[in-house]
Amino acid sequence: MKTVVCLGDSITAAVCEQVSAEQSYCGLIEKMLNEAGVEAKVVNAGIGGHTSQDGLARLETDVLAHQPDVVTVMFGTNDQSHIVGDEKPRVRIEDYEVAMREIVRLSRLAGAEVVLLTPPPLSDGWFKIAEVPAFYHSLGASVMVGQYADRVRTIARTLNTPLVDIYQAFVAAMIEGADIDAIMPDGVHPWAEGHRMMAMEMVAEVAGALQPGCG
């Protein structure tokens, strides 16, 4: 039995009432892997509101304690967010990179393969549930998270880590006519269809990382 642990924030946790554990990308990947003949359990280690630094702080207890074969990591949505009146993000992009690199290093040291995920884009629906600084309204909801997604691409490239570009997949879907407000009505959290999209993007990389000698 292989073990995959998905580390992340509320997007990974799938905290909204409209997404069941089975409909979350963690639940779907477990189902897809087992249907493909890969006996695996997938542990959901997402916690709402968490940043990359929070993920690093609980890596040992919430992730490595499961002795995972593969760890997937997705942060950035909370890291990039600014509080009204504060000109700084919750986690500066330089500190975000440090935390993400350390998560990769420690996971590999423990014997796990790592798959990095870019966070999905945000939509204007976010403005309905959160008070955000004016620059998000003028420059677009994804102005900052896009930069964090790009930093994940750089980390993956320089560390030779498999990457699943969730951000780009969602952008491509929107270009092809997908209704982002239906996929993530609050502008932040994907509902069932969004989790299905993420699982479809992820499953091949996760399955590949589970293969013997892939590292």
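A short reminder: the numbers here are calculations on the coordinates, not readings from a lab. From a predicted model like this one, the values you see are computed outputs, not experimental measurements. Heads up, the Cβs are rebuilt from the backbone with ideal geometry, glycines too, and the neighbour counts pull from every protein chain shown.
Where only DSSP H runs of four or more residues are counted, the chain gives -13500 deg cm²/dmol as its mean residue ellipticity at 222 nm, each run worth -39500 (n - 2.57).
Taking neighbour counts of Cβ atoms within 10 Å as a proxy for exposure, in what order, fewest first, do Met184, Met1 appear?
Met1, Met184
For the chain, the relative contact order is 24 percent, taking Cα pairs closer than 8 Å that sit 6 or more residues apart in sequence and dividing their mean separation by the residue count. Neighbour counts of other Cβ atoms within 10 Å put Thr158, Thr12 in the fewest-to-most order Thr158, Thr12.
Rounded, prolate or oblate for region 1-56? Axes are the square roots of the Cα gyration tensor eigenvalues, ordered a ≥ b ≥ c, and the cut-off for rounded is a/c under 1.5.
It is oblate, given that a/c is not under 1.5 and a/b is not larger than b/c.
Anisotropy class assigned to region 2-209 is oblate, per the alpha carbon gyration tensor with a/c at or over the 1.5 cut-off and a/b no larger than b/c.
Judged by the ratio a/c of the largest to the smallest principal axis of the C-alpha gyration tensor, region 33-114 counts as prolate, that ratio being 1.5 or greater while a/b is larger than b/c. Exposure proxy shown here: for Thr161, Thr72, Thr118, the number of other Cβ atoms within 10 Å sets the order, fewest to most, as Thr161, Thr118, Thr72. Restricting to lysine pairs 8 or more places apart or on different chains, what number in region 2-209 have Cα atoms under 24 Å apart? Final tally of qualifying lysine pairs is 4. Charges were assigned to the Cβ only: +1 to each Lys and Arg, -1 to each Asp and Glu. The resulting dipole of the chain about its Cα centre is roughly 520 debye. Shown is the FRET efficiency for Gln147 and Ala57, computed with R0 = 25 Å from the Cβ-Cβ distance and rounded to the nearest 0.05: 0.60. Shown here for region 19-115: GluC sites (Glu not before Pro) in loop regions (DSSP other than H, G, I, E, B) with at most 14 other Cβ atoms within 10 Å, namely Glu22, Glu39, Glu87.
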